[in-house]
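Q: Okay, here's the structure, questions in a sec.
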Amino acid sequence: MRRLLRPLLEAIVVVAVGLAVGLGANAADEQSGIALSKDHLRRAQTTRFPATTPAPSPTTSAAATPEGTVEASAGAPEATPAPADEHPDSPFTFIDHATALAIYQGDAYLYGEDIFIDARDDAHYTEGHIPGAYQLDHYRADRYLPDLLPICRSALRIVVYCNGGSCEDSQLAAEDLMLEGIDPSKILVYEAGITEWRAQGLPLEVGERSSGKYINGE
Amino acid sequence: MNWLRRADNSGIPLLLARLILGITMVLMGWAKVGDPVAFLKLLDQYHLFPPGWYVVQNVLAVCLPWIETIAGVLLIVGLFRRGSALLFLVLLTGFTIAIIGRAMDIHQEQGIPYSQIHFDCGCGSGDVFVKVKVPENIGLWLLSWICLLSPTRRFTLDRVLFPDRRRPAEPTLDAPPTVASEPQS
């Protein structure tokens with residue numbers, strides 16, 4: 001037993017030092033630190049909301065053709081929801097790439113009535129985001145919400161995206177907005193996300209929002 | 001088994017075990033230090049904690065990579081060597097059981113043969129096949145036992161910083177000790 005006591009004490013010291021360094025580094029690192037008292041992931045997995053009506057349409061915008069090209073239209077592009085059984089309990093409307101592109105190219109986006117929100121972290125956002133998109137990193141939401149909420153309240157439609165695929169950050173960010181009182185019926189989740197946007201060769205804005213620096217996707 | 005004792009007394013097996021295990025754990029820990037969110041998501045896939053334990057999961061996501069890194073560095077330099085080895089023994093046991101459990105879940109849910117199952121285990125080495133990761137972990141686990149049990153203090157900072165005057169002189173290869181092994185403090 002005595003043979004085990006010293007290694008055990010040493011292990012406890014190492015764990016204590018690791019905890020102290022980890023917690024200290026997390027508190028000191030504003031860039032990548034996370035709030036420890038927040039349930040970052042559970043809501044996306046377990047929360048269930050009653051289904052709501054699709055997003056309202058703005059008065060002026062553009063419509064997407066089945067081929068994904070965009071035509072000017074007097075009416076607005078209807079949000080094309082994903083198949084209902086994929087997100088039966090979500091309060092948000094899930095849209096495909098063509099619809100997201102139509103919103104991006106519509107007048108309402110130009111005039112700030114529709115907005116895009118990038119739900120990824122700083123490193124990915126500055127690497128390239130949809131031009132004009134705001135940022136809402138769900139894991140550090142407190143940094144962004146004070147400035148973002150007034151914009152969201154006045155927006156007609158809010159398109160939230162992340163990497164796409166299995167990425168849940170866009171839904172988590174959408175839930176953040178809803179919990180802050182934003183009407184969920186005007187929140188659209190662009191499921192394919194930046195991966196599809198980039199794959200289509202569409203423009204990306206690098207650096208800060210409105211930095212004026214653009215690159216094209218693949 | 002005299003040859004084994006002679007080899008161990010040389011300090012070389014322990015040094016190799018410390019370096020392999022320490023460097024591996026430092027690399028894997030450091031890879032996760034900078035992105036606690038990514039590690040948190042990977043941890044969450046194992047469903048280790050009941051609902052409501054998110055603070056524990058957050059702390060683990062933030063601190064576990066640091067604990068791995070610090071223990072790995074200590075093992076490399078030979079300070080708190082047995083404590084670090086004991087820690088890795090416990091961690092590797094937990095990691096391996098968790099990986100096998102997740103592989104079994106995937107096998108049951110998707111019917112994928114075990115040999116084809118691969119995922120990002122959160123180990124710091126990205127997407128890996130379970131058939132590779134589990135033997136790798138068992139290898140590291142065995143190295144942890146060597147680091148924990150080897151009586152020699154050769155090539156360790158422990159020996160320099162905390163010389164134990166009660167201990168007899170370190171046995172040499174030419175003159176193996178007559179006593180069974182170094183006394184444990």
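The values are calculated or read from the model by the stated rules, or taken from the named source; none is laboratory data. Since the model is a prediction, treat every value here as computed from it, not as a measurement. Cβ sites come from the backbone with ideal geometry, for glycine too, and all protein chains shown count toward neighbours. For accessibility, only protein heavy atoms count, side chains too; no ligands or nucleic acids. Shrake-Rupley method; radii C 1.70, N 1.55, O 1.52, S 1.80 Å.
Q: Would you call residue A:191 under 26 Å from residue B:58 (Cα atoms) and in contact (Cβ under 8 Å) with a residue 60 or more places away in the chain?
A: When the stated conditions are applied, residue A:191 does not pass them.
Q: Are there strands (runs of 3 or more DSSP E) fully within region A:153-218 with at least 3 residues that are open to solvent by 20 Å² or more (accessible area, probe 1.4 Å)? List them.
A: Details: elements: A:157-161, A:187-190, A:203-205, A:214-216.
In region A:153-218, the matching strands (runs of 3 or more DSSP E) lie at A:214-216.
Q: What's the number of the only condition in (1) more than 19 Å from residue B:27 (Cα to Cα); (2) within 13 Å of chain A (Cβ to nearest Cβ); (3) of a type in the set (A, V, I, L, M, F, W, C) that residue B:100 fails to meet?
A: (2)
Q: Among the residues that make up region B:117-124, is at least one of them surrounded by fewer than 15 Cβ atoms within 10 Å (Cβ to Cβ), in contact with a helix residue (DSSP H, G or I) (Cβ under 9 Å, 6 or more places away or on another chain) and hydrophobic (A, V, I, L, M, F, W, C)?
A: Scanning region B:117-124, I find no residue that is surrounded by fewer than 15 Cβ atoms within 10 Å (Cβ to Cβ), in contact with a helix residue (DSSP H, G or I) (Cβ under 9 Å, 6 or more places away or on another chain) and hydrophobic (A, V, I, L, M, F, W, C), so the answer is no.
Q: Among the residues of region B:25-46, how many are assigned to a helix (DSSP H, G or I) and more than 12 Å from residue B:61 (Cα to Cα)? Give the derivation first.
A: Here is the first cut: in region B:25-46, the ones assigned to a helix (DSSP H, G or I) are B:25-33, B:36-44.
After this cut, where a residue has to be more than 12 Å from residue B:61 (Cα to Cα) as well, the list is B:25-28, B:30-31.
The total comes to 6.
Q: Kindly list the number of the only condition in (1) within 12 Å of another protein chain (Cβ to nearest Cβ); (2) closer than 23 Å to residue B:103 by Cα; (3) open to solvent by 20 Å² or more (accessible area, probe 1.4 Å) that fails for residue B:25.
A: (3)
Q: Tell me, please, whether a residue that is of a type in the set (Val, Ile, Thr), surrounded by 16 or more Cβ atoms within 10 Å (Cβ to Cβ) and either within 10 Å of chain A (Cβ to nearest Cβ) or free of Cβ contacts under 8 Å to residues at least 12 places away in the same chain (or both) can be found in region B:34-47. Give the derivation first.
A: Narrowing region B:34-47 to residues of a type in the set (Val, Ile, Thr): B:37.
Of the ones still in play, those that are also surrounded by 16 or more Cβ atoms within 10 Å (Cβ to Cβ) are B:37.
Keeping just the survivors that are either within 10 Å of chain A (Cβ to nearest Cβ) or free of Cβ contacts under 8 Å to residues at least 12 places away in the same chain (or both) gives B:37.
Yes: one or more hits.
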